[in-house]
Amino acid sequence: MSVLLEVDRLTKVYSLGNFLSRLKIVAVDNVSFSVKPAEVFTLAGESGCGKTTTARLILGFEYPTSGVIRYRGKEVEGLQGKKWWFKEVQAVFQNPFETFNPLKKVESYFFATVYNYDLADSKRAERFIDEKLQAVGLSLQEIWGKRPGELSGGQLQRASIARALLTNPSLLIADEPVSMVDASLRMSIVNLLRKLCDTFGLSVIYITHDLATAYYISNRVAIMFRGTVVEMGPAEILVHPKHPYTKLLLQSILMPKPKEEKEEKRVSVFEEEEEYLQKGCKFVLRCPEAMEVCEREAPCDLFEGETMVKCHLYR
Ligand SMILES: Nc1ncnc2c1ncn2[C@@H]1O[C@H](COP(=O)(O)OP(=O)(O)O)[C@@H](O)[C@H]1O
Ligand SMILES: [Mg+2]
């Protein structure tokens with residue numbers, strides 16, 4: 001089977017405001033991609049471009065406005081809340097200190113998951129849990145009796161990956177898993193995701209705004225801008241980008257920025273509304289290569305081999 005997960009024209013519109021002023025935020029706009037077995041597929045883009053919303057739609061935490069998600073060829077609507085789904089698809093989030101209750105011992109989460117999913121009986125539970133912790137470079141002994149605050153951010157993030165592995169999932173969604181981890185430990189955790197993919201045949205959706213780690217571990221990458229995928233293809237698109245936005249993103253990691261610009265930038269809802277009303281390409285106002293047609297017409301997806309680019313330059 002060549003496709004594990006298929007996201008087909010997924011859209012999520014949030015409505016805010018009251019009856020006088022309805023504000024629509026198009027968080028995810030007609031996004032399509034597929035994830036193959038045993039690959040790292042990366043969703044990359046600036047803060048606010050819709051990465052987390054896409055992940056939440058896949059996990060079933062949000063309901064799509066339109067579009068379909070298929071898993072092993074079957075539509076998942078209605079299955080996402082079920083135990084079966086969370087056995088197959090697991091997630092790791094940005095802040096491991098939010099994943100675990102500060103008052104609870106870390107191992108209690110492991111035992112709860114094992115019993116909840118009937119993964120092992122009480123005699124075998126410890127060994128089973130230890131195996132998963134070993135797979136991420138920890139052991140049950142190391143975390144035993146500890147509360148989240150007694151582990152480092154890196155250890156705790158490894159622990160949350162180990163817990164996600166308990167159900168032997170086929171797909172792991174890792175949403176900015178290293179952005180809260182010490183810079184010196186980031187690479188080891190990113191490498192761990194690659195290793196899990198290679199040794200256990202796990203598929204990983206790696207969500208990040210960091211193109212360097214994306215290039216390092218991904219088989220394929222999708223670049224998102226304001227809710228849409230503007231370029232997608234093998235990780236090499238980060239070396240030979242086609243879309244002007246991908247080019248700009250890559251330039252911006254090479255050029256040091258003034259400190260205040262490094263702060264996460266959130267797109268204001270008004271800008272979002274403006275963009276929603278706009279007819280042409282969403283990137284036209286920032287594009288150094290914009291042409292007249294870009295203001296009038298939204299570009300469609302143009303394919304060349306395995307690469308897709310949504311840009312009039314390549315028509
Ligand atoms: N529950 C929500 N209600 C309203 N707007 C939301 C909600 N969740 C996300 N958004 C908006 O959707 C857009 C995409 O957000 P998000 O998916 O979190 O982006 P990313 O993960 O790429 O930073 C942003 O403009 C954000 O403000
Ligand atoms: Mg996010």
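The values are calculated or read from the model by the stated rules, or taken from the named source; none is laboratory data. In this text, all values refer to a predicted model and were calculated from it rather than measured experimentally. Quick reminder, even Gly has a Cβ in these numbers, built from the backbone with ideal geometry, and neighbours come from all protein chains shown.
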All positions within region 84-106 that are farther than 24 Å from I205 by Cα and within 26 Å of the chain's Cα centre (by Cα): N101, P102, V106
Complete set of residues in region 9-20 that are surrounded by fewer than 16 Cβ atoms within 10 Å (Cβ to Cβ) and touching a strand residue (DSSP E or B) at 6+ places or on another chain (Cβ under 9 Å): R9, V13, Y14, S15, L16, G17
Flag if I237 is over 30 Å from E107 (Cα atoms), of a type in the set (V, I, T), surrounded by fewer than 22 Cβ atoms within 10 Å (Cβ to Cβ) and more than 16 Å from ligand 2 (Cβ to nearest atom): no
Residue selected from region 48-74 under the condition at pLDDT 95 or above and in a strand (DSSP E or B), by the criterion surrounded by the fewest Cβ atoms within 10 Å (Cβ to Cβ): S66
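Among the residues of region 153-180, what is the count of those that are assigned to a strand (DSSP E or B) and either of a type in the set (V, I, T) or within 15 Å of ligand 1 (Cβ to nearest atom) (or both)?
Step one: list which residues in region 153-180 are assigned to a strand (DSSP E or B), which gives 171-175.
Going one step further and asking which of them are either of a type in the set (V, I, T) or within 15 Å of ligand 1 (Cβ to nearest atom) (or both), we end up with 173-175.
Residues flagged as assigned to a strand (DSSP E or B) and either of a type in the set (V, I, T) or within 15 Å of ligand 1 (Cβ to nearest atom) (or both) within region 153-180 amount to 3.
Yes/no per residue for (1) more than 15 Å from the chain's Cα centre (by Cα); (2) within 16 Å of ligand 2 (Cβ to nearest atom); (3) not hydrophobic (A, V, I, L, M, F, W, C):
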position: G153; (1), (2), (3): yes, no, yes
position: A159; (1), (2), (3): yes, no, no
position: R163; (1), (2), (3): yes, no, yes
position: T167; (1), (2), (3): yes, no, yes
position: D182; (1), (2), (3): yes, no, yes
position: M187; (1), (2), (3): yes, no, no
position: N191; (1), (2), (3): yes, no, yes
position: R194; (1), (2), (3): no, no, yes
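On the given criteria, is A38 of a type in the set (G, A, S), closer than 24 Å to Q94 by Cα and more than 14 Å from ligand 2 (Cβ to nearest atom)? Can you show your working first?
On the way: of a type in the set (G, A, S): yes; closer than 24 Å to Q94 by Cα: yes; more than 14 Å from ligand 2 (Cβ to nearest atom): yes.
Criteria met by A38.
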Wholly within region 243-315, helices (runs of 4 or more DSSP H) carrying at least 3 residues that are modelled with pLDDT of 90 or more: 244-254, 292-296
Any chance L171 is surrounded by 19 or more Cβ atoms within 10 Å (Cβ to Cβ) and either within 16 Å of ligand 2 (Cβ to nearest atom) or of a type outside the set (K, R) (or both): yes
Among residues of region 21-71, those that are more than 14 Å from ligand 1 (Cβ to nearest atom), among the hydroxyl-bearing types (S, T, Y) and in contact with a strand residue (DSSP E or B) (Cβ under 9 Å, 6 or more places away or on another chain), counted: 4
Conditions (1) more than 16 Å from ligand 2 (Cβ to nearest atom); (2) within 30 Å of D198 (Cβ to Cβ): number failed by G81: (2)
Of all residues making up region 203-242, the number that are part of a loop (DSSP other than H, G, I, E, B) and either under 13 Å from the mean Cα position of the chain (by Cα) or closer than 23 Å to F93 by Cα (or both): 6
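Condition test on R158, is it surrounded by fewer than 17 Cβ atoms within 10 Å (Cβ to Cβ) and not aliphatic (A, V, I, L, M)?
Details: surrounded by fewer than 17 Cβ atoms within 10 Å (Cβ to Cβ): no; not aliphatic (A, V, I, L, M): yes.
Taking the combined requirement at face value, the residue does not satisfy it.
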Region 208-225 - residue that is in contact with a Lys or Arg (Cβ under 7 Å, 6 or more places away or on another chain) and more than 11 Å from V40 (Cβ to Cβ) and, of those, farthest from ligand 2 (Cβ to nearest atom): F225
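Every residue in region 109-152 that is in a loop (DSSP other than H, G, I, E, B) and closer than 21 Å to V181 by Cα, please. Quick ask: steps written out before the conclusion?
To start, the set of residues in region 109-152 that are in a loop (DSSP other than H, G, I, E, B) comprises 117-121, 136-139, 144-147, 151-152.
Those that are in a loop (DSSP other than H, G, I, E, B) and closer than 21 Å to V181 by Cα: V136, G137, L138, S139, K146, R147, L151, S152.
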Single condition K51 does not satisfy, out of (1) more than 16 Å from ligand 2 (Cβ to nearest atom); (2) closer than 21 Å to G67 by Cβ: (1)
Any pair with Cβ under 9 angstrom, 6 or more apart, that starts in region 40-63 at a residue that is under 24 Å from N191 (Cα atoms) and ends at one that is near ligand 1 (Cβ under 7 Å from one of its atoms) and modelled with pLDDT under 95: E46/V267; S47/R266; S47/V267
Scope region 75-103; condition of a type in the set (K, R) and assigned to a loop (DSSP other than H, G, I, E, B); matching residues: K82
